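Each remark here refers to the structure printed beneath this line.
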Amino acid sequence: MYRSRPMFGRVVSSYLDAVNSRVVIFDGATGTTLQQANLTADDFGGPDLEGCNELLSVTRPDVIETFHDSFLTIGCDVVETNTFGGSSITLAEYGIADRAYELSKISAEIAVRVARDHATTAHPRWVAGSMGPGTKFASLGHIRYSELRDSYEEQARGLLDGGIDLFIVETQFDLLGLKAAVNGARAAMRAAGRSVPIQAQVTMEVTGRMLPGTEIGAALAAIDPLDVDVIGLNCATGPAEMVEHVRHLSRHSRMPISVIPNAGLPSVVDGEMQYDLKSEELARHHAEFISEFGVSVVGGCCGTTVDDLKAVIDVCRDLEPAERDPVHEAGATSMYSFVPFKQDTSMLIIGERTNANGSRKFREALLSEDWDTCTQVGKDQIAESAHLVDVCVDYVGRDGALDMDEVAHRFATQVAAPIVLDSTEPEVMEAGLERIGGRSILNSANLEEGDAPGSRLDRVLTLAKEHGAAVICLLIDEDGQARDVEWKMRVAHRLFEIATNRYGLEPSDLIFDALTFPLSTGGDDLRRDAMATMEAIKRIKTELPGCATTLGISNVSFGLKPAARHVLNSVFLYECVDAGLDSAILHAGRIVPMSQITDEQRRVCLDLIYDRRTDDYDPLTELLEIFADVQSVKKVREDRSDWSIEDRLAAHIIEGDREGLTDDLDHAL
Ligand code: THG
């Protein structure tokens, strides 16, 4: 367990110093407050522009100034710029996309001017540049990630030039949109040569999930590797509905936590949204978040007023955030849920079937662009108990980036498991990353082309850092696939050093694949390969603590007939897990439980794996003989309808057989 990410490129900031040492209090609602200000169409610059709050920064700067001033006067530490809908894409709805930079800069300047008027050494104030989610849903394909990121970059440039102290990426309902905003802000900071912290906040609906169904654990796992400075929640509900999410962040987030709720759940009264939570209630909840869960940033979202924030300041100003001891869990996420790399009672299964080179069904579906069947192959693997799916569309003569774009777009919403992007081409991985909001794994990086700028290694690790993905590292260097243990370990250590020191990845972002050659060729030079692989797995686990391991199991049996393959794969898998393997790429439906492998089959497989030949005994020949007449080990299931329910359930467990399991469980209940 790593308790904190390496201090890689972290910014120096008085805002962060404050967040790390005390309670910091944001302002209240912008939108709902401005709605109460009795503004007319003229105030916005005409009837077509009415409701575009960002315009008020130029048409009625006095209103915006007064608004900021009201919160600073009662003692708020941070005010947000009037730029929530200020990206070109959102402004385009009013036909003023071209004013994004200008409006963001002016809004920031106004807030900075007012904040500086209030700031003293004893009570510093900060301006947070607000970047809302906009109205387009990237994960659903309403807009391209790259277009969204560029639009955020332009907005962020304006905010930076206007003098903001931090970015607040807020009200995000979509993790892909959140990544676009974070990376847009980073691009702007690089261009400006000035770095400020990023506070990233998601919105959990009354359902307990983000809009597309994202759990808080999935959001945390996708956001953590983006190296933002503060993580938090705002909008959609009042504080009461946020408690469980705050508890989760409190236990698991390595970043400081912000909580900016609405003034309760809204009700509609006379066609208007009304927020009923009392000021004292908001303050009481915040006090609990601070004292019990160690939250250090609080404030108010929709419906919260100057009076509400006054109550929060009165109650919370001098509280001390509870000490936290967060336990970070490394893992991947789909759009929906989190999958830890460390499986308590099992091993992490990566489905291999969504591979154009490894499954005829998937290949044929891909070549005929039958995307529904491609997606179905992904879903089927989950039904066969895969925790993640490995997606490889590399196929000679096809445009891999285009194919990945199509496939990843569908998988992102329709396949509930996180995705492993398997390609030799970084641009194919990138096409996938730009479609997937969850945390993916890049498969893979290696040292085949060395480690110079522009090498594949450089490009893959750069992508991993930018999108917050994990990376499978293959033990291949300039001389090829490492064959003996010492060579494998040399490559592993080199990859580890480069990934962590040069690219700022951390050990738990790395999954080492010790690679194995087929044992089925009988080639003398390959006979000891499986053993070298298992030895390397053991050594990686001890010499590179925090890293995980994986292996493409089916490689070991290429060339054998299916029945023999399934048994050899299964026996090899058990040996590897014994050696400490954390995850494997395989066809879960073809792994044979040990109880169904005969002693003779098992012995011969082990002899092959451990190269136990004698002058008159060759395990490979023996294996071929044993399976000469066996078509498939997948035996026809006997009729169990007259079995007792206990026996049926026992058979499900012993054979790892899910067919009819739900019915039998319902029956037993
Ligand atoms: N390490 C990592 N990634 C990998 C591999 C690895 N990705 C690709 C591959 N190796 C793992 N995936 C597969 C997928 C399918 C098969 C083997 C490995 C396979 N398929 C059968 C065949 O080709 O005979 C089934 C064919 C079919 O159903 O049509 O064996 O090692 N990091």
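So the values come out like this:
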| read-out | value |
| --- | --- |
| Condition check for G504: at positive phi and open to solvent by less than 20 Å² (accessible area, probe 1.4 Å) | yes |
| Checklist (1) farther than 26 Å from L309 by Cβ; (2) touching a residue at least 40 places away in the same chain (Cβ under 8 Å) applied to G271, failing item | (2) |
| Condition broken by A445, with the remaining ones in (1) within 15 Å of the ligand (Cβ to nearest atom); (2) in contact with a Ser or Thr (Cβ under 7 Å, 6 or more places away or on another chain) satisfied | (2) |
| Which numbered condition E369 fails, given (1) within 14 Å of the ligand (Cβ to nearest atom); (2) without any contact (Cβ under 8 Å) to a residue 40 or more places away in the chain; (3) outside any helix (DSSP H, G or I) | (1) |
| Evaluation of E364 against (1) surrounded by 24 or more Cβ atoms within 10 Å (Cβ to Cβ); (2) within 16 Å of the ligand (Cβ to nearest atom); (3) more than 17 Å from S554 (Cα to Cα) (one fails), failing number | (1) |
| Complete set of residues in segment 568-613 that are open to solvent by less than 20 Å² (accessible area, probe 1.4 Å) and closer than 20 Å to G523 by Cα | L568, N569, F572, V604, C605, D607, L608, I609 |
| Of all residues in segment 472-516 being closer than 16 Å to S583 by Cα and of a type in the set (S, T, N, Q), the one that is farthest from the chain's Cα centre (by Cα) | T516 |
| Long-range neighbours under 9 Å by Cβ, at least six apart or interchain, first residue under 17 Å from A564 (Cβ atoms) and at pLDDT 95 or above within segment 579-607, second of a type in the set (F, W, Y) and within 16 Å of the ligand (Cβ to nearest atom) | Q601/F627; C605/F572 |
| T121 being outside any helix (DSSP H, G or I) and surrounded by fewer than 18 Cβ atoms within 10 Å (Cβ to Cβ) | yes |
| Test set (1) closer than 20 Å to I89 by Cβ; (2) charged (D, E, K, R); (3) assigned to a loop (DSSP other than H, G, I, E, B) - R186 fails condition number | (3) |
| Residues located in segment 337-361, provided they are among the polar types (S, T, N, Q) and surrounded by 15 or more Cβ atoms within 10 Å (Cβ to Cβ) | S337, T354, N355, S359 |
| Matching residues, segment 249-273, being over 25 Å from R22 (Cβ atoms) and open to solvent by 80 Å² or more (accessible area, probe 1.4 Å) | V268, D270, E272, M273 |
| Of the criteria (1) open to solvent by 10 Å² or more (accessible area, probe 1.4 Å); (2) within 11 Å of the ligand (Cβ to nearest atom); (3) of a type in the set (S, T, N, Q), which one T533 fails | (1) |
| Qualifying residue in segment 126-139 (condition: at pLDDT 95 or above, out of contact with any Gly (no Cβ under 9 Å at 6 or more places or on another chain), open to solvent by 10 Å² or more (accessible area, probe 1.4 Å) and part of a loop (DSSP other than H, G, I, E, B)) | no |
| Boolean, G300 is in contact (Cβ under 8 Å) with a residue 12 or more places away in the chain, assigned to a loop (DSSP other than H, G, I, E, B) and not basic (K, R) | yes |
| Among (1) in a strand (DSSP E or B); (2) away from the ligand (no atom under 16 Å from the Cβ), the one test that Q343 misses | (1) |
| Among (1) in a strand (DSSP E or B); (2) closer than 30 Å to T207 by Cβ; (3) open to solvent by less than 10 Å² (accessible area, probe 1.4 Å); (4) within 13 Å of the ligand (Cβ to nearest atom) - the single one A332 does not satisfy | (4) |
| Which listed residue is among the hydroxyl-bearing types (S, T, Y), open to solvent by 30 Å² or more (accessible area, probe 1.4 Å) and within 22 Å of T333 (Cβ to Cβ), from T413, T424 | T413 |
| When residues of segment 250-279 are limited to those that are polar (S, T, N, Q) and part of a strand (DSSP E or B), the one farthest from C316 (Cα to Cα) | S267 |
| Matching residues, segment 541-557, being within 14 Å of the ligand (Cβ to nearest atom), part of a helix (DSSP H, G or I) and under 22 Å from G331 (Cβ atoms) | I553 |
| Residue within segment 463-471 that is within 16 Å of the ligand (Cβ to nearest atom) and assigned to a loop (DSSP other than H, G, I, E, B) present | yes |
| Odd one out for N357 among (1) within 15 Å of the ligand (Cβ to nearest atom); (2) assigned to a helix (DSSP H, G or I); (3) within 24 Å of S583 (Cβ to Cβ); (4) free of Cβ contacts under 8 Å to residues at least 40 places away in the same chain | (2) |
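Conditions tested, residue by residue: (1) closer than 23 Å to L220 by Cα; (2) away from the ligand (no atom under 11 Å from the Cβ); (3) modelled with pLDDT under 95.
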| site | (1), (2), (3) |
| --- | --- |
| M347 | yes, yes, yes |
| T375 | no, yes, no |
| E384 | no, yes, yes |
| L402 | no, yes, no |
| P418 | yes, yes, no |
| T424 | no, no, no |
| V428 | no, yes, no |
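The values are calculated or read from the model by the stated rules, or taken from the named source; none is laboratory data. The structure presented is a predicted model; accordingly, all values stated were derived computationally and were not measured. Glycine also receives a Cβ, built like all others from the backbone with ideal geometry; neighbour counts cover every protein chain displayed. Heavy atoms of the whole protein, side chains included, go into the accessibility calculation; ligands, DNA and RNA do not. Shrake-Rupley method; radii C 1.70, N 1.55, O 1.52, S 1.80 Å.
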